[in-house]
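Coordinate-derived values only; no laboratory data. All of these numbers come straight from a predicted model, not from anything done at the bench. Virtual Cβ from ideal backbone geometry, glycine too; neighbours counted across all protein chains shown.
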């Protein structure tokens, strides 16, 4: 028996179409949704990724404004640009690409992105609002996990869900989203001891640790749903997750592939967040507007 | 065999003494630490609690400024007062007592407390900063749990810790603090299914659900450390926790009493946070100052 593969491709398409519909509605209301992408690196793969976001956004009717500050941008300039974009009414969503220039702290910079435009949920205030149940954007990757689980009708309420990884961009926000969905949530990490102690009894295991082959078939039980958030680039350039898919597929009930799983949904969600942000900003400007 | 009682009284005294030393040092540097307590209710027990904070603070050399706005204060006035206190350089820490007047949202109000003066960690930004590892104050009750565990030399790294309750004031911030201490952290709640599924294998169980008798001896294993955060007032006026102490004492290795456990440490931590806030604010004003 082999695990069902939970592809994210159809879901990514559906979410992109939803963003496209929203963008069309917004345009009818006089607003073309716009996503600003701030870059301050000459890293090739970052630029490749930014062009890919731009292409996907434009094809969904969302403008992409790429603000390339170059690899020598100072923290001062970056902060100023992020503040400007936060106040610019023609910009609805803002993402800040990493890596940043040496010496510029990501933690400090993301605090300058206005929460209502923080479509990738990187500002600590966005995370705090998520924790207290106030409106805010979750990091797209964290939401992508929930969307995939929902897409395949995998119940979460009352379930034993184990998240491996405690990062501020995936593990922590995801555990908040899972709690909101009434799961019992366990967060494990590199120092929490043997994984199988927690993963063996889990209904759902989400791996977001950034370590190739971290979770193998010996860690999970039959019936488990395994979501692989890892994106590790091997020396030959190929992309693999955190799951040893070969062994896990023989045991678990279902598994997301890498590539073609969680990652494929993330960009679509960034676009959907941008249209959601634009709709809220339009509502705030024109309180009487329907929709 | 009966569980060891983990009293918080000695620890509370030690922390209060530390705050007192800090206050003396600050006074020597020309600053008398000041805690503002904002009240907008005529609830008797709230006023009783505020007077108790005031007494403890004054005895530790910390001034307490009680700002009583009365039970009819509007959200506008409350917001203005909190913003004023946030900007007032003679105030180092701010706490907002609940309940608030009907129609005034706590969530909205706490956002007006400057994070550097938010000594009870109620602003969502404080929680977000805690999540990403930036300096911030944790809610005093959440930190009190960690302090008690440390006081009794109970290890956390690599341990299986179960937190019952997912509130923004205890469960969530506490799970962040426990992750920071390298525990594997499971958060359960009223909808996560049978408690024993998680608590039976836990090294440490923290109960913060606000439900009398929620955890009983059948839920825990021998060797477990049980921390009771509950403070439930019975019809006869007596205070009990969330733990059925009678049955848990026969099974668990150790248990915090209610009263005299976590709660007794909380006020001392509010005072210590106030001196910590004052020290940081003094440092920001006089960068060269030692200490």
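Only alpha carbons enter this Debye calculation for the protein assembly as shown, each as an equal point scatterer, and the log10 of I(q)/I(0) it gives at q = 0.06, 0.07, 0.08, 0.12 Å⁻¹ is -0.34, -0.46, -0.60, -1.29.
Peptide B:189-199: average number of partner chain Cβ atoms within 10 Å per residue? Each step should come with its number before you reach the end.
On the way: counts 5, 1, 7, 10, 7, 2, 1, 0, 3, 5, 0.
Per-residue shielding by partner chains comes out at 4.
For chain A, the longest principal axis of the Cα atoms and the long axis of helix A:140-151 meet at an angle of about 60 degrees.
Looking down the axis that turns chain B into chain A, the chain B residue with its beta carbon nearest that axis, and the gap rounded to whole angstrom, comes out as B:128, 1. Taking every Cα-Cα distance in the range A:144-212 and sorting them into 10 Å bins starting at zero, the pair-distance distribution P(r) comes out as 21, 57, 21, 1 percent. For a paramagnetic label modelled on residue B:27 (point 7 Å from Cα along Cα→Cβ), amide N atoms under 11 Å away belong, within the range B:47-81, to B:58-63.
Taking other C-beta atoms within 10 angstrom as a stand-in for reagent exposure, B:25, A:72, B:120 fall in the order A:72, B:25, B:120, fewest first. The average projected area of chain A, computed from the convex hull of its Cα atoms over all directions, is 15.4 nm².
How large is Rg/Rh for the range B:121-238, to two decimals, with Cα atoms and a Kirkwood Rh? If you can, show how the numbers build up before the last one.
Details: Rg = 14.2 Å, Rh = 14.7 Å.
So for the range B:121-238, dividing Rg by the Kirkwood Rh gives 0.97.
Quote the relative contact order of the range A:29-113 in percent (integer), defining contacts as alpha-carbon pairs under 8 Å separated by 6+ residues.
On the way: 117 pairs, mean separation 36.8, N = 85.
It comes to 43 percent, rounded to a whole number.
Relative to the longest principal axis of the Cα atoms of chain B, helix B:262-285 runs at roughly 40 degrees. Computed over chain B with a Gaussian network model linking Cα atoms closer than 10 Å, the most mobile of B:70, B:93, B:237 is B:237.
Against the empirical curve 2.2 N^0.38 Å, the C-alpha radius of gyration of the range B:176-291 lands at a ratio of 1.37. Over chain A, DSSP H runs of length four or greater, each weighted -39,500 (n - 2.57), average out per residue to a 222 nm ellipticity of -12500 deg cm²/dmol.
Under the definition of Cα pairs under 8 Å and six or more residues apart, what whole-number percent is the relative contact order of the range B:160-240? If you can, show how the numbers build up before the last one.
Numbers: 130 pairs, mean separation 24.0, N = 81.
30 percent.
Separation of the range B:23-43 and the range A:130-167, taken as the distance between their Cα centroids, equals 41 angstrom. A label point on residue A:66, set 7 Å along the Cα-to-Cβ line, lies at 6.2 nm from each of its counterparts in the other copies, closest listed first. Across identical copies of the chain, residue A:87 has label-point separations of 1.7 nm, listed in ascending order, with the point defined 7 angstrom from Cα along Cα→Cβ.
Based on alpha-carbon atoms only, what is the radius of gyration of the range B:29-114 relative to the globular estimate 2.2 N^0.38 Å?
Values: Rg = 12.9 Å, N = 86, 2.2 N^0.38 = 12.0 Å.
Normalised by 2.2 N^0.38 Å, the Cα Rg of the range B:29-114 equals 1.08.
Say R0 is 41 Å: what FRET efficiency, to the nearest 0.05, do residue B:280 and residue A:157 get from their beta-carbon distance? Mind dumping the intermediate values first?
On the way: r = 42 Å, r/R0 = 1.03.
Result of the calculation: an efficiency of 0.45.
Out of all DSSP beta bridges with both ends in the protein assembly as shown, state the antiparallel percent to the nearest 5. If we restrict to bridges inside the protein assembly as shown, about 10 percent are antiparallel. Helix A:9-28 and the longest principal axis of the C-alpha atoms of chain A enclose an angle of approximately 20°. Summary for residue B:287: label point 7 Å along Cα→Cβ; distances to the equivalent points in the other copies, ascending, 4.5 nm.
The mean count of C-beta atoms from other chains within 10 Å of the C-beta of residues in B:129-139, rounded to a whole number, is 4. Size check on the range A:60-181: the Cα extents along the three principal axes, sorted descending, read 48, 34, 24 Å. Just checking the listed ones, B:147, B:22, B:58: in the Gaussian network model of chain B with Cα springs under 10 Å, the one fluctuating most is B:58. Comparing A:46, A:274, A:231 in a Gaussian network model of chain A (Cα springs below 10 Å), the most mobile by mean-square fluctuation is A:46. Shielding by partners for peptide A:48-58, expressed as the average number of C-beta atoms from other protein chains within 10 Å of each residue's C-beta, is 0. Give me the percent relative contact order of chain B, please, defined on Cα pairs under 8 angstrom at least 6 residues apart. With pairs under 8 Å counted, the relative contact order is 23 percent. Mind jotting down the distance between the C-alpha centroids of the range A:217-291 and the range B:53-105, whole Å? For the range B:53-105 versus the range A:217-291, the Cα centre distance is 44 Å.
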